[in-house]
Amino acid sequence: MTAPVATPPSVRVAAGTLLALGVLLVASATLTLVGQDAVVDRFVAAQPDLDRAATTRALVLGQALYLVLGAAAAVGGVALLRRRPWGRWLGLTAALFLGLRTVLSTVTSGGTTVFSLLVLVLCVAAATSLLARTTRGWLVGQAGS
């Protein structure tokens, strides 16, 4: 009987950042959807030529995407801790997609927010930890390879 292999730091960082992304995205999307009327009012007040119905639809679709990505990141983090190789790929896909979307959103809007910077840092930390050799080795049972 072999002794269980300790979880390497790269796996703990990856799981922690994925779970943090999941909590952050789900909480943000939920709060935005709960207060969607106030958010839409601000958009329409800032740009009166916007169609209220189209703005509401875009807001809801955008927040639904964040809910899906947040859930994917959290599920990937939990699966990774349970040594499920697909959790690594799910987490990596969610982190890369979210990171790319955040960068594109920042470029097109012409500015950044504390939220987008935090999301970007968490995405980079998750992706690099998920791609680490120690993470891959631990998942296949060869820690330290």
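The values are calculated or read from the model by the stated rules, or taken from the named source; none is laboratory data. None of the values given here were measured: they were computed from a predicted structure. A quick note on method: Cβ atoms are made from the backbone with ideal geometry, for glycine too, and the neighbour counts reach across all protein chains shown.
Within the stretch 58-102, can you find the residues that are buried (at least 19 other Cβ atoms within 10 Å of the Cβ) and among the basic types (Lys, Arg)?
Within the stretch 58-102, just 88 meets the criteria.
Report yes if some residue within the stretch 80-93 is assigned to a helix (DSSP H, G or I), without any contact (Cβ under 8 Å) to a residue 24 or more places away in the chain and over 20 Å from residue 25 (Cα atoms); otherwise report no.
Looking through the stretch 80-93, at least one residue is assigned to a helix (DSSP H, G or I), without any contact (Cβ under 8 Å) to a residue 24 or more places away in the chain and over 20 Å from residue 25 (Cα atoms).
Collect the residues in the stretch 4-24 that are in a helix (DSSP H, G or I) and either over 10 Å from residue 91 (Cβ atoms) or among the charged types (D, E, K, R) (or both), keeping them in residue-number order.
If the condition is that a residue be in a helix (DSSP H, G or I) and either over 10 Å from residue 91 (Cβ atoms) or among the charged types (D, E, K, R) (or both), then 9, 10, 11, 12, 13, 16, 20, 23, 24 are the ones that fit.
Can you name the condition, by its number, that residue 105 falls short on among (1) farther than 28 Å from residue 12 by Cα; (2) buried (at least 20 other Cβ atoms within 10 Å of the Cβ)?
Unmet for residue 105, out of (1) farther than 28 Å from residue 12 by Cα; (2) buried (at least 20 other Cβ atoms within 10 Å of the Cβ): (2).
Would you check if residue 44 is touching a residue at least 12 places away in the same chain (Cβ under 8 Å) and touching a helix residue (DSSP H, G or I) at 6+ places or on another chain (Cβ under 8 Å)? Step through it out loud before you land on a result.
Values: touching a residue at least 12 places away in the same chain (Cβ under 8 Å): no; touching a helix residue (DSSP H, G or I) at 6+ places or on another chain (Cβ under 8 Å): yes.
Answer is no for this residue.
Exactly one of these conditions fails for residue 117: (1) assigned to a helix (DSSP H, G or I); (2) in contact (Cβ under 8 Å) with a residue 12 or more places away in the chain. Give me its number.
Of (1) assigned to a helix (DSSP H, G or I); (2) in contact (Cβ under 8 Å) with a residue 12 or more places away in the chain, only one is false for residue 117: (2).
Within the stretch 25-32, can one find any residue that is within 11 Å of the chain's Cα centre (by Cα), within 21 Å of residue 122 (Cβ to Cβ) and surrounded by 15 or more Cβ atoms within 10 Å (Cβ to Cβ)? Before you say what the answer is, go through the steps one by one.
To start, the set of residues in the stretch 25-32 that are within 11 Å of the chain's Cα centre (by Cα) comprises 25-26.
Remaining after also requiring within 21 Å of residue 122 (Cβ to Cβ): 25-26.
With surrounded by 15 or more Cβ atoms within 10 Å (Cβ to Cβ) added as a condition, the list becomes 25-26.
Yes: the stretch 25-32 contains one or more residues that are within 11 Å of the chain's Cα centre (by Cα), within 21 Å of residue 122 (Cβ to Cβ) and surrounded by 15 or more Cβ atoms within 10 Å (Cβ to Cβ).
Would you mind telling me which numbered condition in (1) at pLDDT 95 or above; (2) in contact with a Ser or Thr (Cβ under 6 Å, 6 or more places away or on another chain) residue 121 fails?
All conditions are met except number (2).
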